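Read-outs throughout are calculated quantities, based only on the coordinates presented, and are distinct from any laboratory measurement. Here the structure is a predicted model, which is why all the values come from computation and not from measurement. When we count neighbours, we look across all protein chains shown, and the Cβ atoms used for this are built from the backbone with ideal geometry, even at glycine.
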Amino acid sequence: MRVNIISNSDTAGGAARAAYRLHLALNKINIENQMVVKHKFSDDYAVISPSKIKLACSKGIDLVSKKLQKIQKTKNPILHSANFFGSDVFKIIQKSDADIINIHWINGETLSIKQISKINKPVVMTLHDMWAFCGGEHYCSDDVNSRFRLGYSANNKVDLLSGIDLNRFIWNEKMKYWKAKNFTIVTPSQWLSQCAKESMLFKGCNIVTIPNALDIDVFKPIDKKIARELLNLPLEGKLVGFGALGGSKDLRKGFDLLEEALKKLSFKEDYRCVVFGQSTPKKVPNLGLPINYIGHLNDDITLALFYNAIDVMVVPSRQENLPQTATESQACGTPVVAFNTTGFPDVIEHKVTGYLANVFDSNDLASGIKWCIDNYSHDLHSKCRDRAVSLWSQNVISKKYTQLYYSIINSRDI
């Protein structure tokens, strides 16, 4: 069996990293596979991309795509993608001898909607957000009146939009080219699987939940003091970790709720915040607690040091699929606090490996941070690690994907 994993990139961004980790996990169990990407950043010989000349030519297409998307006026800060044109990644796929094509995050004009429909091999589509069954939005509201459930009509255009309803056009393109296709859909969380099952586009498709793979030999517990020394963090005190505050304009990321929660803990004199993914800004926000900024962490080993250095990881998002910051943290033995919504119940076992706060309740988010710090013990540390090993290790996830791939191939041979 030969597998092609398709992605916009091999290492740039969370979805790309998830796809690349699957590629490495399949390698470990000797499943022949290669990644086909639009933008290659690693030196992995098994990752291939279009020539530099073709990529240079595609920049004009990318620019046109971005210009066209501006005809839709939206107040929604969520990323939107049109996938009008695609790229030469499609030609590489069509010429390959792969038995399975596993598509991951293919926006940024990696593949067009039409190109995906014309792939001449069985397609597994791994979703890292909601784009595949929505219009152009990568995330949208999840309720009974969501357009992905009812269909995108002229009568249910959301208030955030004005002018041309490009989301509706893109969704109709997906209905036109994909509805009759027998895609197998994989999502990393039960929540996203349920959304896909209830969507107009993927209703009736084979939808499977398989989490993202983690290298548990990289994301593993190490001595907290050593981790803090290497990252130049205070050796004393309780460190509360979270991602860059740059997402504060995106309500989905929940940084407004995190800010409220941290201010409620300002009486804890031994608490400090540690922010990764961002250098110290010109104007440091007042979170009620001292803040250490450690900048962008560009490799997994440094990320693992960060998770080992902190006492608790907070992921305050209102909506997430299966955040890798939460799984990575637990693999290092560090508990996670998040809201009891969307993909988080798949990640956190409440008061066992972290804390699931009442939905969008900043008071309970603060209580969760305090609970994890007050109850930090060898037992809590071990349960976090054990959960990660049993649910997200490369060995576990690669076998689940392999079983799925073989089942698809065998069903075609009957």
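Could you tell me how far the Cα centroid of segment 288-339 sits from the Cα centroid of segment 201-241, in Å?
6 Å
Specify which residue in the list 380, 304, 279 is farthest towards the positive end of the charge dipole of segment 224-392, using unit charges on the beta carbon of Lys, Arg (+1) and Asp, Glu (-1), about the Cα centre.
Sorting the options by dipole projection puts first 279.
Rounded to the nearest 5, what is the percent of antiparallel bridges among the DSSP beta bridges in segment 224-392?
Roughly 5 percent of the beta bridges in segment 224-392 run antiparallel, per DSSP.
For the chain, with a Gaussian network of springs between Cα atoms less than 10 Å apart, report the residue from 324, 34, 278 with the top mean-square fluctuation.
Comparing 324, 34, 278 in the GNM, the peak value goes to 278.
For the chain, find the longest principal axis of its Cα atoms and tell me its angle to the long axis of helix 378-392, 0 to 90°, nearest 10.
0 degrees
At 222 nm, what helix-only mean residue ellipticity would the chain give, in deg cm²/dmol to the nearest 500, using -39500 (n - 2.57) for each DSSP H run of four or more?
-11500 deg cm²/dmol
How tilted is helix 394-413 with respect to the longest principal axis of the chain? Cα atoms for both, answer in degrees (0 to 90, nearest 10).
With rounding to tens, the tilt is 20 degrees.
Most fluctuating residue of 375, 363, 321 in a GNM of the chain with Cα springs under 10 Å: which is it?
Largest GNM mean-square fluctuation: 375.
How do 14-25, 167-178 rank on mean C-beta neighbours within 10 Å, highest first?
Ranked by mean Cβ neighbours within 10 Å, highest first: 14-25, 167-178.
Among residues other than residue 349 whose Cβ falls under 15 Å from its Cβ, what is the net charge (Lys/Arg +1, Asp/Glu -1)?
Taking every Cβ under 15 Å from that of residue 349, the sum is +1.
Would you mind computing, in nm to one decimal, how far apart the modelled labels at residue 30 and residue 217 are, each placed 7 Å from Cα along Cα→Cβ?
Those two pseudo-labels are separated by 1.6 nm.
Using a 10 Å cut-off around each Cβ, can you sort 139, 376 from fewest to most neighbouring Cβ atoms?
376, 139
Using Cβ contacts closer than 10 Å as the measure, can you line up 313, 35, 1, 200 from fewest to most?
1, 200, 35, 313
Considering only 255, 119, 214, whose Cα is most displaced toward the positive end of the charge dipole of the chain, charges sitting on Cβ of Lys, Arg (+1) and Asp, Glu (-1)?
119
For the Cα atoms of the chain, what angle does the longest principal axis make with the long axis of helix 166-178, in degrees from 0 to 90, nearest 10?
Helix 166-178 sits roughly 60 degrees off the main axis of the chain.
Take each of the peptides 37-44, 350-357, 266-273, average the number of other beta-carbon atoms within 10 Å over its residues, and list them starting from the highest.
350-357, 37-44, 266-273
For 344, 90, what's the fewest-to-most ordering of other Cβ within 10 Å of each Cβ?
If I rank by nearby Cβ atoms, fewest first, I get 90, 344.
If the elastic network links every pair of Cα atoms under 10 Å, which of 108, 60, 135 fluctuates the most in the Gaussian network model of the chain?
Between 108, 60, 135, it is 60 that shows the largest mean-square fluctuation.
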